[in-house]
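S.K.: Can you read through this structure? Questions will come right after.
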Amino acid sequence: MSAQPFIHLAGVAKTYGKGAKAHLAISDATFDVMPGELACLVGPSGCGKSTLLKILAGLHPHDAGTVKIGSDAVPFDPGRDIGMVFQQPLLLKWRTIVDNVLLPAEILGLPMKESRERASDLLALVGLKGAEDKRPYELSGGMQQRAAIARALVHDPKLVLMDEPFGALDALTREKMNLELLRIWKEAGKTILFVTHGISEAVFLGTRVVVFTAGPARMADDFRIDLPHPRTLDMKTHEAFGVYTRRIYKLLGME
Amino acid sequence: MPTLDDRWTRTLMAVLSHLALLLVWYLFVRFGDVPKFVMPSPVDTAATLFGPRAGGYNWWTNTAVTATEIFGGYAFALVVGVLLALAFTWSKPLEALMMPLLVSLNMIPKVALGPLIIVWFKYGVVPNMMIAFSICVFPILLTTVRGLREVEPDLLDLVRTLRGSRWQVFTKIQLPGALPYIFSGMKVAAILAVAGAIVGEFLGSDKGLGYLMLQVQVTLDTAAMFMAVLLITVIGMLLYGTVLALERAFVVPDARVS
């Protein structure tokens, strides 16, 4: 593991609009993410966590501060090293599952034969072996989101940005997908930024949690989660888990 | 025991309901003491097509003319409707300029344009095609515009992070996504095209099934009028069936817009 951070943010701020209509979307975002970390960004609606994801994806420019992705040891190409997963799977209805997974490879013009093999391997990794030729409507919401995760990995990006990927799933499926994500993260060895409303989800998944507060939107805290890996569901009842969640509740003024 | 999910059972039931209507029609005329000039029996109607006097109606020519008007006007509307919609998605100013105008034009009852079209272009196959075109271009245009607009913003973000081109967005996401909408407009237009062509023939023509209906009306040859209506319906069903078959081939079941 390199000692240099993979993502370095210092004083990042972003305001939408001008004058009286100006709306502060994010401020004071200062934190580092090491290569291979799973960092969770947690906070209420309107705290700027999704804005930060868009800034990292290069979709929106930031007004102030420093955003640096990549290091000497792990160089980063913003045009091809980002995978994205959204709250909705957003699979193309008319494509088979494997062809959906292949979309980023097609856009980047990667060699199709290798990409197809990789897509098959990834579908096996996310637990969708044998679903290659199915259409999205034949899969449940959780299954579709698994396919969306495979799609985010197919071009072998160095950074995967996830914006509340399990927010639309029922509670049980969500717990299951949390365990699955940890397994996929371990095997794929990617740096993941995971945006969520769920405080216990953030502590359970993250190697690091960055807390944001709304009104005004700003970053409030950034700390490591020193729970052992692999994580198991019974860790949620451990003393240490409670300490972390209470710390976040306190920051969000929900004590 | 066959169930309703079975395709053959469903086809059989559809055939049965059609035959039942035919039977009710036959029995009604046979035992209802209905004069032939009010309602001919199915047998009388069929006789106009197969009987000794069939030659006088020029069925083949008249049907071919009407079918040409319907299919021609429809095909033209499909090409123009889709191309205009494409132009609008490529140029926002063009859409802002033209779309409100087209919505206003759509409010004109196209049938009312018939007499004008005949003044401008005389009567014949081409003016009737134009009436069919004017009536079915709008549903195709409007649904295609709507379909091309229906792109998830997050999906656009995904393509943008990979530096995908506008052309890639269009061919991989926008156009296939719009197909179900285009087909829903095409289905509506298929029914309108038939009405447009027949209205054109009523207003002024010297060939076609609509023209024939006006001719035989004078002599109260109701059986021939029935036959003409049947043939018009068959042309319409052919067009609609073609659209349905294309939809089946190109649109996955889940994505179809009814």
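S.K.: Where in the range A:149-166 does the label zone of B:E152 land, with the point 7 angstrom along Cα→C-beta and an amide N cut-off under 17 Å?
M.R.: Within reach of a label on B:E152, which here means backbone N under 17 Å from a point 7 Å along Cα→Cβ, the range A:149-166 contributes A:149-154, A:161-166.
S.K.: Using all alpha carbons of the range A:161-255, what is the percent of pairwise distances in each 5 Å bin, ordered from the shortest bin to the longest?
M.R.: 2, 12, 24, 25, 22, 11, 3, 1
S.K.: Can you give me the Cα centroid spacing of the range B:53-68 and the range B:139-157 in angstrom?
M.R.: Answer, in whole Å: 42.
S.K.: So how far, in whole Å, is the C-alpha centre of the range A:210-226 from the one of the range A:31-83?
M.R.: Result: 15 Å between the Cα centres.
S.K.: Where does each of B:M130, A:M84 land when they are ranked from fewest to most other beta-carbon atoms within 10 angstrom?
M.R.: Ordered by Cβ neighbours within 10 Å, fewest first: B:M130, A:M84.
S.K.: Where the centroid of each part is defined by its Cα atoms, how far is the range B:88-131 from the range A:86-107 in Å?
M.R.: 39
S.K.: Let me ask you something else. Provide the percentage of antiparallel DSSP beta bridges, counting only those with both residues in the protein assembly as shown; round to the nearest 5. Don't skip to the answer; put the middle values down first.
M.R.: Working: 18 of 36 bridges.
If I count the DSSP bridges inside the protein assembly as shown, around 50 percent turn out antiparallel.
S.K.: Tell me, what are the semi-axes, in whole angstrom and largest first, of the equivalent ellipsoid of the range A:89-156 as set by the roots of 5 times the Cα gyration tensor eigenvalues? Present the calculation step by step, with values, prior to reporting the outcome.
M.R.: Details: eigenvalues 61, 29, 20 Å².
In descending order, the three semi-axes are 17, 12, 10 Å.
S.K.: While we're looking at this one, here's another question. What net charge is computed for the residues neighbouring B:L142, neighbours being all others with C-beta under 15 Å from the C-beta of B:L142, Lys and Arg scored +1, Asp and Glu -1?
M.R.: Working: positive: B:K110, B:R146, B:R149, B:K187; negative: B:E95, B:E150.
Neighbourhood net charge equals +2.
S.K.: OK, next. May I ask what percent, to the nearest 5, of DSSP beta bridges between residues of chain A are antiparallel? Working shown, then result.
M.R.: Details: 18 of 36 bridges.
If we restrict to bridges inside chain A, about 50 percent are antiparallel.
S.K.: How high is the relative contact order of chain A? Use alpha-carbon pairs under 8 Å, at least six apart in sequence, and give a whole percent. Could you put the intermediate results ahead of the total?
M.R.: Values: 481 pairs, mean separation 66.3, N = 255.
Taking the mean separation of contacting Cα pairs over the length of chain A, I get 26 percent.
S.K.: Separate question: Give the longest segment of chain A that steers clear of trypsin sites (Lys or Arg not before Pro) in DSSP loops with at most 13 neighbouring Cβ atoms within 10 Å, not counting the sites themselves. Could you put the intermediate results ahead of the total?
M.R.: Values: sites that count: A:K18, A:K129.
It runs A:130-255.
S.K.: So which lysines pass the test for A:K134, namely a Cα distance under 26 Å, with those fewer than 8 places away in the same chain ruled out?
M.R.: Within the straight-line limit of under 26 Å, A:K134 reaches these lysines: A:K93, A:K113, A:K176, B:K172.
S.K.: Another question, then. State the Kirkwood hydrodynamic radius of chain A in Å, one decimal place, computed from all pairs of distinct Cα atoms. Could the numbers behind the result be given before it?
M.R.: Working: mean 1/r = 0.0530 Å⁻¹.
For chain A, inverting the mean 1/r across all distinct Cα pairs yields 18.9 Å.
S.K.: Between A:G83 and residues 5 or more places away or on another chain, which pairs have amide H atoms under 5 Å apart, with H built 1.01 Å from N, and which residues are they?
M.R.: Placed amide hydrogens put A:L159, A:V160, A:L161 under 5 Å from A:G83.
S.K.: Now a separate question. Regarding the protein assembly as shown, what's the average projected area of the Cα-atom convex hull, expressed in nm²?
M.R.: On the way: hull surface 139.5 nm².
Averaged projected area of the protein assembly as shown's Cα convex hull equals 34.9 nm².
S.K.: Shifting gears a bit: A:L108 to A:R246: extension gain in nm, 0.36 nm per residue of separation minus the Cα-Cα distance? The partial results should precede the final answer.
M.R.: Numbers: separation 138, 0.36 × 138 = 49.68 nm, distance 4.38 nm.
Stretched out fully, the A:L108 to A:R246 stretch lengthens by 45.3 nm.
S.K.: How big is chain B on each of its three principal axes, counting only the C-alpha atoms and giving the largest first in Å?
M.R.: Taking max minus min along each principal axis of the Cα atoms, chain B gives 75, 62, 26 Å.
The numbers here are math on the coordinates, done by the rules we state, and not lab data. The shown structure was predicted, so the numbers you read here are calculated from the model rather than taken from an experiment. FYI the Cβ positions are ideal-geometry reconstructions off the backbone, even for glycines, and counts take in every protein chain you see.
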